[in-house]
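What follows is one structure encoded as structure tokens, with my remarks underneath.
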Amino acid sequence: MSSISTSLTGLARPILGGRVARFVAYLGLCAAYLQGGLVKLTDFPGAIAEMTHFGLTPAPFFAVVVIALEIIASLMILIGWHRWIGALGLAIFTLIATFVALQFWEMPPGQARFFAANSFFEHLGLVGGFLLVIWQDLNERR
């Protein structure tokens, strides 16, 4: 069994162990935040409406903060400038936003609750991904 694992590792490392694969992984992790930030930036009234929908006041202030966080923290991760801080920012933001937007436990049983619960736990997975980025970046800086 060990020789199979060693062979598979030898095949995977040149493809998945390099800088390109790492950048693609970071890009995938940050894609929704870049897209969300850019959409909010180009449709600021829509961003304000979203903040209002979730009860965040003053809505324009929160819209600006969310746009800046989503774009700047994503770029920090992608270019490697204080990567762990960008990942921490997005992890905290995602955790808070998940509890604000996806309160499935308060919904009546049904399809909407099912989808909200799935999305809630998917967002916890994103938080876990950012924690891995933090862990890796801090360990590389030793």
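The values are calculated or read from the model by the stated rules, or taken from the named source; none is laboratory data. Bear in mind that the values here come from a model prediction, so they are computed numbers and not experimental data. Reconstructed Cβ throughout: ideal geometry from the backbone, glycine too, with neighbour counts over all protein chains shown. Calculation scope for accessible area: heavy atoms of the full protein, side chains included, ligands and nucleic acids excluded. Shrake-Rupley method; radii C 1.70, N 1.55, O 1.52, S 1.80 Å.
Counting only protein heavy atoms and a 1.4 Å probe, the chain has 64 square angstrom of accessible area per residue. 3J(HN,Hα) along the range 88-104, derived from phi through the Karplus expression 6.51 cos²θ - 1.76 cosθ + 1.60 where θ = phi - 60°, amounts to 5, x, 6, 5, 5, 4, 5, 4, 5, 4, 5, 6, 7, 8, 10, 7, 4 Hz, with x in place of Gly and Pro.
With percent of Cα pairs over 27 Å apart as the read-out, I listed (i) 16; (ii) 35; (iii) 9; which label goes with the value calculated from this structure? Working out percent of Cα pairs over 27 Å apart from the coordinates points to (ii). Subtracting the Cα-Cα distance of Phe99 and Leu8 from their residue separation scaled by 0.36 nm leaves 28.8 nm.
For Leu56, the shell of other residues with beta-carbons less than 14 Å away shows a net charge of 0, using +1 for Lys and Arg and -1 for Asp and Glu.
Rounded to whole numbers, the Karplus 3J(HN,Hα) couplings from phi for the range 6-22 are 5, 5, 5, 4, x, 6, 6, 4, x, 8, 9, x, x, 5, 5, 5, 5 Hz, using 6.51 cos²θ - 1.76 cosθ + 1.60 with θ = phi - 60°, and x at Gly and Pro.
Apolar share of the accessible surface for the chain: 73 percent from carbon plus sulfur atoms, 1.4 Å probe. A crude spin-label estimate for the pair Phe121 and Phe23, with each label 7 Å from Cα along the Cβ direction, gives 3.5 nm.
Stretching Ala32 away from Ile79 to a fully extended chain increases their span by 15.2 nm, per 0.36 nm per residue minus the current alpha-carbon distance. Taking θ as phi - 60° and the Karplus parameters 6.51, -1.76 and 1.60, the scalar couplings of the range 43-56 work out to 9, 4, x, x, 5, 5, 4, 5, 5, 4, 4, 8, x, 8 Hz in sequence order, x denoting glycine and proline. For the chain, the relative contact order comes to 19 percent (Cα pairs under 8 Å, sequence separation of at least 6). With the helix formula -39500 (n - 2.57) applied to DSSP H stretches of n ≥ 4, the chain reaches a computed 222 nm mean residue ellipticity of -29000 deg cm²/dmol.
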